[in-house]
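As structure tokens, the structure follows; a few thoughts come after it.
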């Protein structure tokens, strides 16, 4: 039995049947990290001793472990963890230790799960390849010359490489789904407001959501069960009854109405990706769903709208990293202004600075109406068009990304091309909707292709069931696995 | 052109700290004067990942202030971010309100030299206070204290309706008393919980267009506000008279040198890049909510004043002084309940208490004794247990070390001597010592009696009953 290849629900089953114990599981993961981290480079911080101590503590307190007790997890490094560095993969926060736990971390700890480490990302979650990390470039476990996607590239790569059984990521414009797609794992961006943002270092407050990255859909539902729910510390989190998402996994899509927007299959899409997605749509039809092509023409404005709103909010959110308190501070300065300028110039990477400048510009007087205000209007139009679609359909099927994972270094100097990788995912954040990415196939070079299923607000159950049904049908994990090609 | 040909135009932006127990976006206490950074948490220190949660009391207090100043209350309001860099602003933005303030289009009525005038209130909005920088405390550098960061404020913006320093002062005093009455702010100017920025411009009399304005900050007393405005009006007229133009700028008033200075240290261009605060949901108020607050508004100074004129027959002037401060007014009413003598309480407040407040430069809210103690003092005076001169001493003692007046006079031995035999002895002793005065009196110089009574008072340290003294002297010198 290879422990690290098991999903969390499989681990739970084995623990229940006394075939495995929490210590064996933890050791297996620590060994796996030891073996693979030098190739994959997924971690900013590995909690080797800490995780062992934590497990011992739990075992002392409780005689018998159950549910999630002792189950390891990886956490993206922009989610605050008390007493452990939270760097956002930035020089700015290289030595920042949070004095508090994010609300999702509190939930993880309440369930006695063990944090294995903090996972690499694009600096402040800005990027789509994890190449913009200040510390290291994470590699794609399927091919070490390729990017894992981003910004939650460390999380997706660690799950794909079996270095963690599952992980938390964050998604502002596709940062969970796109790396999940590139790494052949499952990633869910929940409805805006379903999961508390308290303790997630803000990139774009009206778009950010924390979500699960897992090996399969059942694990995704399990982790969502833990992190979803109202939090009085986040007034944008919704007060709804808790749901057991695993109950939605019915392995049945009969009568489900699926819309396929043609705009997501047009210009710029890789032909292999396109044909595999079309195949996927046919499989849904075979499974008893109806699939219809629709037009979602407002989507073409989504990318511009997204970059205006996200950068505007980021320019304000990142102002607190000013060299005064917990951040990097420049060595020499003559006055306050120079302290600010030099600390921020030296502490932030190029992509972060690019977005701060862009965001500052679109909020400036004289430009506000033409950019920010207009973008907000388009945002309403995007929401309305999605609403119309969901009046008729249960979900929307698209590629997660127009391409498979690209070569490291191939786009990192071309921001516009990098932004285009987000084209299929950003409208979901603009509209505040839930969406999942699951692996459906591999291309001719063996790189995974992801399918995105978008649901109506708070219809996570619908997309989880649709994803689960597809997963049961094609059994991707049984056919393909990362080979660490170099 | 002569100075009299110019007219000054003023508008005020008043920041008042709300007296809620906790801060506007977290549950830290708002108490003034604690050790630096002891009233802070990850939220008001702007640690990464933290989020604000709006304190509902802040909305309630602001709505109260709006209703008390005749404003329209917006049922649909929101918060916005005002972005700028300064070390006392840990998030690098202040959560404020930009285009949808909670309250709009109100007014308050002021009176100057018997003329009543309505001063328009443009808007009242809620926002958070910044922290404080303590300069050069540990030999160079600045230290940031974030205790004040996140203390709730309302900003009350007036129309440019004010034309003189007298009007400005009347407006500020009226506004301050309203906020005190509705108990939303304690308005302590020295502690900075009531601060005013003044916009000043001048124009030729008869002009309908406003002149270019300057904004003056850092004035923390009525006196410095008046001085600052007077200085700035003169400065602007000088500029114009010398053929120059007034520049729109922010000025800092320096109380020591009595001058204004240009202040451009925050950021060169003031573009605050306001945008809606995405971390907070919109503020939606129901008609019922607003009505409920309206129903609980306490009696305002205007109505109290009217009542004092009718019920207690106070003079217009006295009623105005007493109602100018909620604390004085509460003291007045509380003391009357105890002693049932409005006239006497009024006199004590108008003469002695006002004098002591003025001399010691403290505000009515800081009066250390309570209305019960004041009422008891009046009873002691009324019963003749103490003389009015002892009464003043008891009052001073109440300011020093407040306790029951009965206890004070017992302890100090200040009880009035009203025993006829004892008084007669004293009178005889004084007469023996002052034969010349007796002779003067007898030759028709009435003033000599006053001198003799004075001597007897001195002898008894003010404790002798003055009526009895008078009576005895007259009897003895018959």
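What's the total number of residues in segment B:304-322 that are exposed (fewer than 15 other Cβ atoms within 10 Å of the Cβ) and either in the same structural domain as residue B:186 (by TED's automatic domain parsing) or within 19 Å of the chain's Cα centre (by Cα) (or both)?
Total satisfying the criteria: 1.
Residues A:283, A:308: which one is assigned to a helix (DSSP H, G or I) and within 14 Å of another protein chain (Cβ to nearest Cβ)?
On the way: A:283 fails: within 14 Å of another protein chain (Cβ to nearest Cβ).
Selected residue: A:308, the only one of A:283, A:308 that is assigned to a helix (DSSP H, G or I) and within 14 Å of another protein chain (Cβ to nearest Cβ).
Pull up segment A:374-384, narrow it to residues that are more than 13 Å from chain B (Cβ to nearest Cβ) and surrounded by 18 or more Cβ atoms within 10 Å (Cβ to Cβ), then point me to the one that is farthest from residue A:192 (Cα to Cα).
Among those residues, the one meeting the criterion is A:378.
Run down B:247, B:183 and say which single residue is over 18 Å from residue B:3 (Cβ atoms), at pLDDT below 90 and either surrounded by fewer than 18 Cβ atoms within 10 Å (Cβ to Cβ) or out of contact with any strand residue (DSSP E or B) (no Cβ under 8 Å at 6 or more places or on another chain) (or both).
Unique residue meeting the criteria: B:247.
What's the total number of residues in segment A:332-373 that are more than 13 Å from chain B (Cβ to nearest Cβ) and within 17 Å of residue A:307 (Cβ to Cβ)?
Result for segment A:332-373: 7.
May I ask you to verify whether residue A:213 is crowded, with 23+ Cβ neighbours inside 10 Å, over 27 Å from residue A:359 (Cα atoms), touching a residue at least 40 places away in the same chain (Cβ under 8 Å) and away from every other protein chain (no Cβ under 14 Å)? Break it down into steps so the answer makes sense when it comes.
On the way: crowded, with 23+ Cβ neighbours inside 10 Å: yes; over 27 Å from residue A:359 (Cα atoms): yes; touching a residue at least 40 places away in the same chain (Cβ under 8 Å): yes; away from every other protein chain (no Cβ under 14 Å): yes.
The answer is yes for residue A:213.
Looking at (1) assigned to a loop (DSSP other than H, G, I, E, B); (2) within 14 Å of another protein chain (Cβ to nearest Cβ); (3) crowded, with 20+ Cβ neighbours inside 10 Å, which is the one condition that is false for residue A:70?
Single failed check for residue A:70: (2).
Among the residues of segment A:332-366, which ones are within 18 Å of residue A:314 (Cβ to Cβ) and surrounded by fewer than 14 Cβ atoms within 10 Å (Cβ to Cβ)?
Matches in segment A:332-366: A:345, A:350, A:357.
Within segment A:89-100, how many residues turn out to be facing chain B (nearest Cβ under 10 Å), in contact with a strand residue (DSSP E or B) (Cβ under 9 Å, 6 or more places away or on another chain) and part of a loop (DSSP other than H, G, I, E, B)?
So the count comes out to 2.
Give the residue, chosen from A:199, A:193, that is within 14 Å of another protein chain (Cβ to nearest Cβ), more than 19 Å from residue A:402 (Cβ to Cβ) and surrounded by fewer than 24 Cβ atoms within 10 Å (Cβ to Cβ). Outline the logic, then answer.
Working: A:199 fails: surrounded by fewer than 24 Cβ atoms within 10 Å (Cβ to Cβ).
Answer to the selection: A:193.
Would you point out which residue out of A:464, A:397, A:433 is in a strand (DSSP E or B), buried (at least 21 other Cβ atoms within 10 Å of the Cβ) and touching a strand residue (DSSP E or B) at 6+ places or on another chain (Cβ under 8 Å)? Outline the logic, then answer.
Numbers: A:464 fails: in a strand (DSSP E or B); A:433 fails: in a strand (DSSP E or B).
That would be A:397, the only listed residue that is in a strand (DSSP E or B), buried (at least 21 other Cβ atoms within 10 Å of the Cβ) and touching a strand residue (DSSP E or B) at 6+ places or on another chain (Cβ under 8 Å).
Checking the conditions here, which among A:20, A:11, A:55 is part of a loop (DSSP other than H, G, I, E, B), away from chain B (no Cβ under 14 Å) and more than 19 Å from residue A:199 (Cβ to Cβ)? Don't jump to the end; show me each part of the working.
Values: A:11 fails: part of a loop (DSSP other than H, G, I, E, B); A:55 fails: part of a loop (DSSP other than H, G, I, E, B).
Checking each option against the conditions leaves just A:20.
Name every residue in segment A:321-331 that is within 10 Å of chain B (Cβ to nearest Cβ) and surrounded by fewer than 18 Cβ atoms within 10 Å (Cβ to Cβ), in order of residue number. Talk me through it step by step, then tell me what you get.
At the first step, the residues of segment A:321-331 found to be within 10 Å of chain B (Cβ to nearest Cβ) are A:321-327.
Of everything in segment A:321-331, just one residue is within 10 Å of chain B (Cβ to nearest Cβ) and surrounded by fewer than 18 Cβ atoms within 10 Å (Cβ to Cβ), namely A:325.
Please pick out the residue among A:351, A:332, A:292 that is touching a residue at least 40 places away in the same chain (Cβ under 8 Å), outside any helix (DSSP H, G or I) and over 16 Å from residue B:92 (Cα atoms).
Sole residue among the options that is touching a residue at least 40 places away in the same chain (Cβ under 8 Å), outside any helix (DSSP H, G or I) and over 16 Å from residue B:92 (Cα atoms): A:292.
Go over the candidates A:184, A:193, A:211, A:173 one by one and state the one that is in contact with a helix residue (DSSP H, G or I) (Cβ under 7 Å, 6 or more places away or on another chain) and closer than 29 Å to residue A:321 by Cα.
When all the criteria are applied, what remains is A:173.
Could you check residue A:242 against (1) at pLDDT below 95; (2) out of contact with any strand residue (DSSP E or B) (no Cβ under 8 Å at 6 or more places or on another chain); (3) more than 12 Å from every other protein chain (Cβ to nearest Cβ) and say which number it fails?
Every listed condition holds for residue A:242 apart from (2).
Residue check: is residue A:205 touching a strand residue (DSSP E or B) at 6+ places or on another chain (Cβ under 9 Å) and within 14 Å of chain B (Cβ to nearest Cβ)?
Criteria not met by residue A:205.
How many residues, within segment A:268-286, are closer than 13 Å to residue A:257 by Cβ and either touching a residue at least 40 places away in the same chain (Cβ under 8 Å) or under 26 Å from the mean Cα position of the chain (by Cα) (or both)?
Looking only at that region, the number is 2.
Taking residue A:39 as the residue in question, decide whether it is within 26 Å of residue A:122 (Cβ to Cβ), out of contact with any helix residue (DSSP H, G or I) (no Cβ under 9 Å at 6 or more places or on another chain) and touching a residue at least 60 places away in the same chain (Cβ under 8 Å).
yes
The values are calculated or read from the model by the stated rules, or taken from the named source; none is laboratory data. Values in this document were obtained by computation on a predicted structure and should not be read as measured data. Here the Cβ is made from the backbone with ideal geometry for all residues, glycine too, and neighbour counts use every protein chain on show.
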